[in-house]
Amino acid sequence: MLRERFHAMGTSMELLLEAPDAPDARASLAAARAEIERLEALLSRFRPDSELSRLNHARRMRVGPDLARVLSAALRLRQRTGGRFDPTLGRAIVACGYDRSFERIADDERPLGASAGGGRAVFVDTASGWVELGAGVDVDLGAIAKGDAADRACAILAWTGPCLVNAGGDIVVSGPRHEGPWPVAVATPRGRLVLNLETGALATSGTDRRRWWRAGQEHHHALEPSCGLSAATDVTRATAAACTGAEADALATALVIAGASGACSLADQWGVPAVLVDGEGGVRFAGGLR
């Protein structure tokens, strides 16, 4: 099993490739890493020269195929989740204090900035590549870009052999290993739960990490789209399974926002296998997962 670890997209990345240690396999690992780093340079809101940052500044511009693809997928997932996942909350997350990469955030006594909810208009012409942002919209793709990058890296590695991409705990696999499914551990208050993943993706979102203080209050990055503030949810962590990493990322975020009882119903309705951890440490299974 070949392995490569590195840091990108604000988290630790790991590439696993079941193949002999040969030049073509090493080239596949290098190409997969380069693809993740290339997408980070395009889609990060923390890089002022990224294509996403330039779009937020210009308001209307012709974008490349990657940004158009990820933004279009994000808008489709906003519709699918009833707005619980929303890529138009860029200004709201900055107003809450998440205005730089997480490792650089410090406690801040300044009051919160003016916030606004999501659900705002974004117009994407996929044929021409033109994108126009509605009034008050800054796009934040943080809850989908990492999964998309893992998808793209996995597709590159899969030409060489069965593979797994671990993007900070979000997992994408190309298919089973020669020995069978990939065992993936999901941390819960009851201990590690091991799920066997043959193909597709698992992603986890939660309110128990990426927390900071602003104006004497603790905040987290899972925003309630209706008001643009940290969601008052009793789900501390949601893990969702889907066909792609981008989809799993967005669905896990939506389940956190929905709250424990709502998340169970939605996972069942969407047919999304999910593991939900609530504020009392309880673990629930939904979406057909038992």
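Numerical summary
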read-out: Count of the stretch 1-19 residues which are in a loop (DSSP other than H, G, I, E, B) and modelled with pLDDT under 95; value: 3
read-out: Single residue of ARG290, ARG284 found to be surrounded by fewer than 23 Cβ atoms within 10 Å (Cβ to Cβ) and in a loop (DSSP other than H, G, I, E, B); value: ARG290
read-out: Residue selected from the stretch 230-254 under the condition among the hydroxyl-bearing types (Ser, Thr, Tyr) and part of a strand (DSSP E or B), by the criterion farthest from LEU141 (Cα to Cα); value: THR236
read-out: Where PRO87 falls short, out of the listed (1) surrounded by fewer than 18 Cβ atoms within 10 Å (Cβ to Cβ); (2) assigned to a loop (DSSP other than H, G, I, E, B); value: (1)
read-out: Residue within the stretch 135-154 that is more than 17 Å from the chain's Cα centre (by Cα) and either modelled with pLDDT of 95 or more or closer than 17 Å to ALA241 by Cα (or both) present; value: no
read-out: Residue tally, condition touching a helix residue (DSSP H, G or I) at 6+ places or on another chain (Cβ under 6 Å) and either surrounded by fewer than 17 Cβ atoms within 10 Å (Cβ to Cβ) or closer than 19 Å to THR81 by Cβ (or both), over the stretch 268-281; value: 3
read-out: Residues located in the stretch 272-290, provided they are under 19 Å from the mean Cα position of the chain (by Cα), small (Gly, Ala, Ser) and modelled with pLDDT under 95; value: none
read-out: In the stretch 158-181, the residues that are under 21 Å from the mean Cα position of the chain (by Cα) and at pLDDT 95 or above; value: CYS163, LEU164, VAL165, ASN166, ALA167, ILE171, VAL172, VAL173, SER174
read-out: Hey, LEU43 within 25 Å of GLY180 (Cα to Cα) and in contact (Cβ under 8 Å) with a residue 24 or more places away in the chain or not; value: no
read-out: Positions within the stretch 265-281 being without any contact (Cβ under 8 Å) to a residue 60 or more places away in the chain and assigned to a strand (DSSP E or B), in sequence order; value: ALA274, LEU276, ASP278
read-out: Output for the stretch 45-66, where each listed residue is surrounded by 14 or more Cβ atoms within 10 Å (Cβ to Cβ) and either at pLDDT below 95 or of a type in the set (Val, Ile, Thr) (or both); value: ARG45, PHE46, ARG47, VAL63
read-out: Residues of the stretch 255-264 satisfying the condition of being assigned to a helix (DSSP H, G or I) and modelled with pLDDT under 95; value: VAL256, ILE257, ALA258, ALA260, SER261, GLY262, ALA263, CYS264
read-out: Tabulated pairs, the stretch 17-36, first in contact (Cβ under 8 Å) with a residue 24 or more places away in the chain and within 12 Å of GLU4 (Cβ to Cβ), second of a type in the set (Val, Ile, Thr) and part of a loop (DSSP other than H, G, I, E, B), C-beta under 8 angstrom, 6+ apart or interchain; value: LEU17/THR160; ALA25/THR160; SER28/THR160
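The values are calculated or read from the model by the stated rules, or taken from the named source; none is laboratory data. What you see is a predicted model; the values in this text were computed from it and never measured. Ideal geometry is used to build each Cβ from the backbone, glycine not excepted, and the neighbour counts take in all protein chains shown.
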